[in-house]
Amino acid sequence: MAIWRFVKSAAMKHNDIPRGSQRRAVKIGAAVLLAGFLAACQADEYGVGPKHLRPVSADIKRKMSDLNMSKTSPIMIRIFKEESELEVWKQARTGKFELLEEFEICKWSGKLGPKFKEGDRQAPEGFYEITPALMNPNSSYHLAFNLGYPNPYDRAHGRTGSHLMVHGACSSRGCYAMTDEQVQDIYGLARDSFKGGQRSFQVQAFPFRMTPENMAKHRESEHLDFWKMLKTGYDHFEVTKTPPVVSHCEKKYVFDATTLVEGVPFRASGKCPQYEVNPRIASAVAAKQRKDDEKFQMLAARFDAREERQQRWEERSNRFANVLGGGGADEETVTSAPVDQAAPQSTPVETAATPEAAPSRPGAAVETAFAPKDQSAIGAAGSFFSRLVPFGGKDKPSANIGPIETEAVPAAKP
């Protein structure tokens, strides 16, 4: 009704317009305004109202309640390429971060390893801080936030790239792409954490879960040293369950470090200042890394032995295959004769085992025959058997037994 009154009053101000035209103008104007109002409030499959302002899903709300989390408490995100998983961790009222939700990454591009240059379509690996300025409510990919690549570590190594995002639409060219429904919740959780006072949230992007098993499996990679450095930050979070403070110096990452000289900052390309790590954290991380390294060495040796056994087996298999497939003809006695092209190939006739037994009649197709290596043994066995069984096969009469003569005449058949 308010819309109708507004449009009607606006139309009636123009007295020079005929009354019938005024009524038509009122109706058209009201329809346009109503359509605009409904479009602004219309729901899609993921919620009602502007997408960047929509609340998180009921399932996420229930999980936050179960884990004793405030709606606006800080968050942290971990990404694992090989497993295609994105984890959202959120601070509980205990002060520790707990895993709130695990999302399956819809698509990511490139391969395991860091991004090096613009256009390589490689999704980044490393530690990134996301501020409100990096949030994009008007993304063409539903909703998005920029990872802030390159970070100080990346720039210190001369790496280039831009617009590396976590976004929706399930389409990736160097980004981590989620479904629209997933990014709706992820974006909402980040937005609410900023409302609660979090100035930035951390994204930790890894090639895989940094376990001894995975490190041993990828021990031959050119990126192993880089991944060991990332694993230190991974271990800091695993031990403390709070996002580590990330610094950069001497072109490397440094975690939970505090400078000992006031006013001397960390510079990614500069020499590291004197610093210390909380002794409790440093001790716990060192203990974890010793245990992990022992397991890594054991698994690496086991994988090496397995690969060596596999290689030996493949070599033996290849030699055996060569003997059966190509080497046999050189080691056996082979007797062959040319094939008469006039003879039908569908009815070949095999030669005898020796050259003397080869058929001489023209027009007979002849196949190659392989003679046994020890004919004497076969002959001896055959001779012995023939003496015991004088009524042997019709095709192979015994050479030692002549024809059997008898005067008995069989009775005539009825």
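Taken together, the values in this text are just the output of simple stated rules run on the coordinates, not laboratory data. Since the model is a prediction, treat every value here as computed from it, not as a measurement. Please note: Cβ atoms are built from the backbone with ideal geometry, for glycine as well, and neighbour counts cover all protein chains shown.
Descriptive notes on the structure:
- Strands (runs of 3 or more DSSP E) (entirely within the stretch 186-300) containing at least 3 residues that are among the polar types (S, T, N, Q), within 23 Å of residue 166 (Cβ to Cβ) and touching a residue at least 12 places away in the same chain (Cβ under 8 Å): none
- Some residue of the stretch 145-154 being closer than 29 Å to residue 55 by Cα and of a type in the set (D, E, K, R): no
- Taking the conditions (1) of a type in the set (D, E, K, R); (2) more than 15 Å from residue 191 (Cβ to Cβ); (3) surrounded by 19 or more Cβ atoms within 10 Å (Cβ to Cβ) in turn, residue 98 satisfies each one other than (3).
- Selection count, the stretch 262-294, where residues are of a type in the set (A, V, I, L, M) and under 29 Å from residue 158 (Cβ atoms): 3
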